[in-house]
Structures are given as C-alpha cells and as structure tokens.
C-alpha cells in the first residue's frame, strides 16, 4: 500500500518539525541523568557508578529494540507507532519524576530505551513522505539536527532545571514536552501506511558490507569514548575542578553551545570529507578528555577543554549517520536501524564501563581512558585510506 501524498504546503514541514522535536525530547530524556547524576545519587543513596546505570539501561534496551521493533511492526502505520512511542516516553518521564526508589527510575529508563530504538529508527526515513523530492535532503537534515541538539543541550538544560527546582522537576518538564509532541503528531502528521518492510535479511546484508562494518567500528569507538567519560563529567567537575553545582551548570551550557557550533561546522564538511571530518573530531575529543585530568583542575582549564570537547562531539552524530546512510542509499530505514542500534548499545556499554572505573578509581582515570579510546578512531580513519567511507 502506498502512502498518501501530502500536499506541498507548510503542513509537510509542520510534520517534519513535530518529528524533530520528538527526537529532541527522546535524546534529551536519555542523557538528562548525566547532569543530575550526583543529585539523584545523593537523594536515592547510591554511588555515582550505580547511578550511571541510568545511562546503561536505555542504551542497551534501545540497541535491542531498534531492529526488533522495526521488523515486528514493519507493516503498522508509522504515524501510529510514532504516537505510541511518544506516549511511552511521557509515561517514562512521569515514573521518573515520581519514583519512590531507584528501582522505579530504572523502570522508567527501560521504557526510554524502547522508545529510542523504535521512534528514532522509524523517524529517520520519513522525510520524503512529508515534503516534495527537492526538499527531502533539507528535511532529513532538520530531523537529524535534533540528535546533536538534544545531545549537547540536554545535559546543561537538565542541570539548570535540577539546580533550581530539583532533579524530579527536570523529568516533569520532559514529560510535558513529550506529551506536547504526542498531541502535535496526532494533529499534523498524516496517516503513514508502511511502504517497504525492513527485514532481518536486509540488515544482515548491510552488515556484510565493508563500509557498514567500518561505520560500526568507528561509531563504537567514538561513542564509547564520549559516553564513558561524559556520563561522569559532573562528578569530575565537582571533585577534581572543585566547582559548585551552579558553576557546573554554566560550564555545561558553554559545552552545549560549542556542540551546536561543532554540528554546524561538521555539516558543511561531512558530505565531501566524511572520513577526515570524523577523524578530526575524534582527535579533538581524545585530546580534550585525556588532558582534562591535568589542565581541568582549574575552572579556566576545564572550560577551555570542554569547549573543544563540545565542538568535537557536536560533529559525531552527523558524521556517523552520514557514514551509515552512504552504506545503504536504497534502504534508509535499515541504515537508521543499524545507526541507532550501534550508537545506543555503545552509550550503554560506555556508561557501564565508566561506572565500573569511577567507582574503583576516579573520574580522572575515566577521562584518560576515554581520551585514549577516542584516539583509536583517528588510527582507524587513517587506516581506511583516502576513501570517503
């Protein structure tokens, strides 16, 4: 069954915006605990490493949910799936805000993981169903701009709200935003009957391609390096840099602004030089995190390195997604499934490893190990030669 053709009017772009805000809400909800880690840990009497499970749970669940949900619901109307996932996200945020104990917080994170895997994978391939062919590339760019925006703004925004009104209030705000997106999708997104079912065989064939395996490797390494360290940036700033929670908020806002700039700069280069752009970003990220234990002992040094870190990571999602899409130009939803699954699995894995290290050693050790891991990406990019993917 073919999807109904949307009239070439602003209604198509309203649908694009609603999906974009949906992804922003999902990404922000996922990484919200990073800025609230010490507050939640203190309130619920758990260690920083244990609190880091809030990042591990959704990442691992999303990695499984992305292929499973996409394949199982392949013939279900895509608008209905988008609405269902936003409802689940709203419920997850309400549970977190009202959590009587850490077990409830983890339950909410399971629901977040399922939402990430399903919504993100489906939304990635919808741009050409909302706007005319000539605007598809621009609409896709708008949708995926939500990934770096949520990544770089989610932590400082959550920290800011938590510092003013408590960590539970941050989840209340996200519940309200998720609910608003649910309403918007219901109003502006048309029925979207399934067009091309994503099968396991398609995913298997993609994984067999050399360019796809390369994308999986560099994505694994850079996301492992980033989230293995960034999950514990708040404990580092408080324990090593010795700044107050209010100052942490300001520093993370500066980081977020740098991330937006990094996303924009990468977007202008990644189409022509995807491998080089990825390599430069990894080199900057590796240098910033590895030097943080030495230079980041003062607020000035920490801010300088976090600006470099933000610029570097702001480029990562667009570089990784571009690499995957080029590996599968005829199957955008399948490419997005692999991107989402690999990205999310590594977020969970990175947070888990970082939590084990920080509980047994220190935040400084986490930063050093993350920096060395990021530098491996540079070596891989160089090894791949002069090809762009």
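Since every read-out is calculated from the coordinates, none of them should be taken as a lab result. Because the structure is a prediction, the values reported are computed rather than measured. All Cβ positions, glycine included, derive from the backbone under ideal geometry; neighbour counts span all protein chains shown.
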* Calculate the length of the line joining the C-alpha centroid of the range 210-289 to that of the range 155-193, in whole Å. => 24 Å
* For residue 191 and residue 382, FRET efficiency with R0 = 41 Å and r from the beta-carbon atoms, rounded to 0.05? -> 0.30
* To do: Sticking with the crude label model, points 7 Å out along Cα→Cβ, report the distance from residue 110 to residue 217 in nm, one decimal please.
  => 3.6 nm
* Relative to the longest principal axis of the chain, what angle (0 to 90°, nearest 10) does the C-alpha long axis of helix 10-44 take? -> 30 degrees
* Structure fact -> Ranked on Cβ counts within 10 Å of their own Cβ, fewest leading, 353, 222, 34 go 353, 34, 222
* At each listed q (0.13, 0.14, 0.20, 0.23 Å⁻¹), what is the log10 of I(q)/I(0) that the Debye formula gives for the range 1-102 modelled as equal alpha-carbon point scatterers? -> -0.63, -0.71, -1.15, -1.34
* **Projected-area mean, the chain, by convex hull of Cα positions, square nanometres** => 17.0 nm²
* Residue order, fewest to most surrounding Cβ atoms within 10 angstrom, among 167, 13, 309 -> 13, 167, 309
* Helix 274-295 axis, angle to the chain major axis (alpha carbon atoms, nearest 10°) -> 20 degrees
* GNM, the chain, Cα, under 10 Å: largest mean-square fluctuation among 232, 102, 313? -> 102
* Before rounding to the nearest 500, sum -39500 (n - 2.57) across all DSSP H runs of length at least 4 in the chain and divide by the residue total; then give [θ] at 222 nm in deg cm²/dmol. => -27000 deg cm²/dmol
* **Cα-based helix-to-principal-axis angle, 316-327 vs the chain, degrees rounded to 10** => 30 degrees
* Asked: Tell me, what is the percent relative contact order of the range 10-383, built from C-alpha pairs under 8 Å that lie six or more residues apart?
  -> 28 percent
* To do: Can you tell me the FRET efficiency between residue 295 and residue 361 if r is taken as the Cβ-Cβ distance and R0 is 22 Å, rounded to the nearest 0.05?
  => 0.70
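May I ask you to sort 45, 362 by Cβ crowding, counting other Cβ atoms within 10 Å and putting the fewest first?
Fewest-to-most ranking of 45, 362: 45, 362.
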